[in-house]
């Protein structure tokens, strides 16, 4: 068995030299970290748990588990238009791995690689950690900053706004379906969407001052739109034809199942935003510069609930009013 | 099964009216919370996991589990001399509880009671949560503030400083021993020390500007003193006779086992501090006002490691140089 202190030291200490620029007065290794928030910024904080066989398969590669646990947490900062700054990780290792030194070292080295690579990509420093043994569970707390008053929330959507999403939908559910069928190649675009999601932090920042409301799509478009609609007290109408489907999704599942995955599959970690119609073009240009699509998929109205628009060849999507919570 | 959204809403939303005074621009319920740090303060952050049957017994009362999970995390803020402000909680509920609505509601209501009572006691707002199902595990992230440059760290101890502890030691281990013997009355002073530890936040604040180094005692005095010694690069000499033993500990375990519990039992969540000898009296007066003892138990020297002082009637404690990591 590895000592917790040794584990944290070896795999999770942030390089000290990076501290000065990252607003860290004292990093990992004392009772707590000391951070220096920037003046004029609000602090944006969120926590997300990733549990084995609930949020990721037990036989997923360790680097993907590390990446994914951080990615789903960072996605919440993206949804607020925040810049990521710091993270803390409560890692409960599988007991059998924890008690086998060689297995633990191998697993942790891979896990840390995935976690740190994403940290680096988004300039996020790991400033605190706790490692215990039990059933594999990872709680990641992320902290970011946003200029005061500029955060994107769920509650600002207005009647007349368009509803749009970044990137493409259904990839999370499509990847899970493929994993269950035995696909293990992480370069497969759908598997990558499921196990290596990319938090849309740059998109969130780019949409500051443009989006009237924003949230990330983790529970599925319909469920999440239900949350946004409730928080903003508007109705929503969706054009199912317009949903941007993830690469390879229709080929893998067929059109009907692909649309269902995009509507309610979850785990996509794209941003769901509302915009005044006159701002859509500016928003699209900004996201294009980031290599990311912005697709209008509906609009806000003053009807109750979420309603769908009929497709001529598919009566199934005609009405799903009330489907969303 | 309860929906996660409903769970968080019902049991863990902080009252909105408290937000204005607590530096919360936007609380629980959006993708992330928006906090407003105070100017001139550093942010102090830490995370701690509490795992069933590792950190607390599976049959501990739910309110004690809630209290304890937060207490051990807050203890790290106390050790930095910080004022507690905000917390986030990643709760993985036991699957069988999660899937039984009545059981889940009863457990959560009790759990939340313990968690919130301690929140209130230390003016800490819960600003984020995630509830999942698996093996009962709680990750608590705490955030506090300390005036810039005033944090107590592990690395400031000087040769010639005295070593002191707040309160009394060995109660955590003594309580665990009693629990294993079947004692279930939480008003028993040792059981209270084990399951309802009190984070020494006020003591940490009171010791700002006086203590040269501080940390909380979670792994046991010897192990934690080993961490402090390493960080400060000093040697430590302990007077085992001087160790303040928890109420009822000697009666429950006998003197020898009581001293062992105080030295290496862990889970005490008292503060271990070093002080220049001329500041001891001031520090003691400040803690007396908080109803808390401060006991000198040794001093820092320039020898390597941690050494013990002989008791005439007990050769066993004569030398434990090298025991601590």
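A few points about this structure:
- Conditions (1) without any contact (Cβ under 8 Å) to a residue 12 or more places away in the chain; (2) closer than 19 Å to residue A:45 by Cα; number of the one not met by residue A:203: (1)
- Scanning segment B:133-179 for residues that are farther than 21 Å from residue B:119 by Cβ and facing chain A (nearest Cβ under 7 Å) yields B:133, B:134, B:135, B:151, B:153, B:154.
Residue-by-condition table, conditions (1) under 24 Å from residue A:290 (Cα atoms); (2) within 13 Å of another protein chain (Cβ to nearest Cβ):
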site	(1), (2)
A:188	yes, no
A:196	yes, no
A:204	yes, yes
A:222	no, no
A:228	no, yes
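- Residues of segment B:48-85 that turn out to be within 12 Å of another protein chain (Cβ to nearest Cβ) and more than 21 Å from residue A:137 (Cβ to Cβ), as a count: 10
- Check on residue A:190, closer than 27 Å to residue A:52 by Cβ and either at pLDDT 95 or above or surrounded by fewer than 24 Cβ atoms within 10 Å (Cβ to Cβ) (or both): yes
- When we screen B:79, B:69 for residues that are within 20 Å of residue A:26 (Cβ to Cβ), in the same structural domain as residue B:124 (by TED's automatic domain parsing) and buried (at least 24 other Cβ atoms within 10 Å of the Cβ), the only hit is B:79.
- Test result for residue A:34, crowded, with 22+ Cβ neighbours inside 10 Å, within 30 Å of residue B:148 (Cβ to Cβ), within 11 Å of chain B (Cβ to nearest Cβ) and free of Cβ contacts under 8 Å to residues at least 60 places away in the same chain: yes
- Any hit, segment A:117-124, residues being at pLDDT 95 or above and within 14 Å of another protein chain (Cβ to nearest Cβ): no
One line per residue, one yes/no per condition, for (1) at pLDDT 95 or above; (2) more than 25 Å from the chain's Cα centre (by Cα):
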{"residue": "A:259", "(1), (2)": "no, no"}
{"residue": "A:264", "(1), (2)": "no, no"}
{"residue": "A:281", "(1), (2)": "yes, no"}
{"residue": "A:292", "(1), (2)": "yes, no"}
{"residue": "A:296", "(1), (2)": "yes, no"}
{"residue": "A:301", "(1), (2)": "yes, yes"}
{"residue": "A:309", "(1), (2)": "no, yes"}
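- Within segment A:284-308, the set of residues being at positive phi and surrounded by fewer than 13 Cβ atoms within 10 Å (Cβ to Cβ) comprises just one member, A:291.
- Taken over segment B:168-184, the criterion of being surrounded by fewer than 24 Cβ atoms within 10 Å (Cβ to Cβ) and touching a residue at least 60 places away in the same chain (Cβ under 8 Å) is satisfied by B:168, B:176, B:177, B:178, B:179.
- The combined condition, being assigned to a strand (DSSP E or B) and within 30 Å of residue A:265 (Cα to Cα), is fulfilled by residue A:142.
The values are calculated or read from the model by the stated rules, or taken from the named source; none is laboratory data. The model shown is predicted, which means the values in this text are computed figures rather than measured ones. Cβ atoms come from the backbone with ideal geometry, glycine included; neighbour counts cover every protein chain shown.
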